1. Using θ = phi - 60° and the Karplus relation 6.51 cos²θ - 1.76 cosθ + 1.60, list the HN-Hα couplings for the stretch 28-43 in order, rounded to whole Hz, with x at every Gly or Pro.
2. Classify the stretch 96-191 from the C-alpha gyration tensor, please: rounded if a/c falls under 1.5, else prolate or oblate depending on whether a/b exceeds b/c.
3. Work out from phi, with θ = phi - 60° and the Karplus expression 6.51 cos²θ - 1.76 cosθ + 1.60, the ³J(HN,Hα) of each residue of the stretch 151-156, listed in order in whole Hz, and give x for Gly and Pro.
4. In degrees between 0 and 90, to the nearest 10, how far off the longest principal axis of the chain does helix 68-84 point, with axes built from Cα atoms?
5. Give the lysines reachable from residue 147 as a straight Cα distance under 23 Å; neighbours fewer than 8 places away on the same chain don't count.
6. Using a Gaussian network for the chain with springs between C-alpha atoms less than 10 Å apart, which of these wobbles most: 29, 258, 220?
7. Using alpha carbon coordinates only, what is the Rg to Rh ratio of the chain, with Rh defined as the Kirkwood radius?
8. What shape does the stretch 238-302 take by its C-alpha gyration tensor, where a ≥ b ≥ c are the square roots of the eigenvalues and a/c under 1.5 counts as rounded, a/b above b/c as prolate, and the rest as oblate?
Amino acid sequence: MIRNTVLLTLLIGVVRLAADDPPATALGDLAVHERSVQVREQALGPDDPGLAPLLARITQLHLRLGDYPLAEASAQRSVAILASQGLEQSFDGGIALTNLAMVYRLRDRLPEAESLYRRSVEILRPLSRPVDTAAAINNLGTVVLAKGRWKEARALYLEAISLWQANLGPETVESAAGMTNLALLYQSRRQYGKAGELLERAMKIDQAVYPPHHPRIALDRVNQAALAAGQKRYAEAERMLRQSLESLQASLPPGHPDIGITESNLAEVCRRERHYEDAEKFYRAGIAILEKAWGPDDRRLLSHFQYYAAALRAREEFAEAARADLRATRIRVVHTLR
């Protein structure tokens, strides 16, 4: 994330586990797994531990489709089933905790996410599951960085990348996710050269695996656009964000949070370029998606409403700007009272 701006760089490692299913495939796969859960429940009861891996896949599919509340419900049920059977220390238990932590990370519940990721790593590491352990470590790094502990986050990212490269090879999509997250860390420290090199390397790895309009390529480009904006290369950033938005709108379900984040990023670039009409349009669309995905009082929306109000005032739409200011004030008050 670029310091002191609204630009939101996508933490690809957080969503990677569910990122390879096209939406139509994900919807079909979701229906199959939900039916499998129903059949197994009827045959073996609601607490059968065999339900846990099915619910884990359902969680990942809901995340892929951007439905965080349903993802949370299935992840919580998976954890509860395994705990009731004394299996929370099993491989399935570690994966269930990783999935629930991922939901909490995406919903900005950072303390809960950190605790669950640490428990997951403690479970998976002794089971000699280095690839799964690396995913949990990588995602833990995103939480630690969001809480401001960048040195610890860097160590976690480097460990995850090392594990992936040792067990899967030097250039896989897993290690590319870790490189991307490490690049975002360097970007937050304004080490733009290091960030750019890692983002370029991750993009080349992903381009060798995915088709040109795959969401993963679009998210790589979003991150590169945020880096360009951080260096005030706004025209380049706008071009990449428009290209990414087109790909995401064609490949993800309407209302997916990644679309909302990209629209908000594009809005902020347009605002800096003083293209206020486009800024207003993209902020309005992005905020509508993110309010639904994150909740109306999510603290991450504060800067969106503040910059949206600024774009409205630049167009002399003062009444609408005042309403955006009120929404920002409400979010600020809600989180102050908490």
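1. x, 5, 4, 4, 5, 5, 5, 5, 5, 4, 4, 5, 5, 4, 5, 7
2. Details: a/c = 1.87, a/b = 1.02, b/c = 1.83.
In terms of gyration-tensor shape, oblate.
3. Rounded to whole hertz, the list is 5, 5, 4, 4, 4, 5.
4. 20
5. 194
6. Result for the chain, Cα springs under 10 Å: 29 fluctuates most.
7. Working: Rg = 20.1 Å, Rh = 20.5 Å.
Rounded to two decimals, Rg/Rh equals 0.98.
8. On the way: a/c = 2.28, a/b = 1.14, b/c = 1.99.
Here the stretch 238-302 falls in the oblate category.
Readers should treat all values here as calculations from the given coordinates under stated rules, not as data from a laboratory. Just so it is clear, the structure is predicted and the values come from calculations on it, not from any experiment. Cβ: placed from backbone, ideal geometry, glycine included. Neighbour counts: every protein chain shown.
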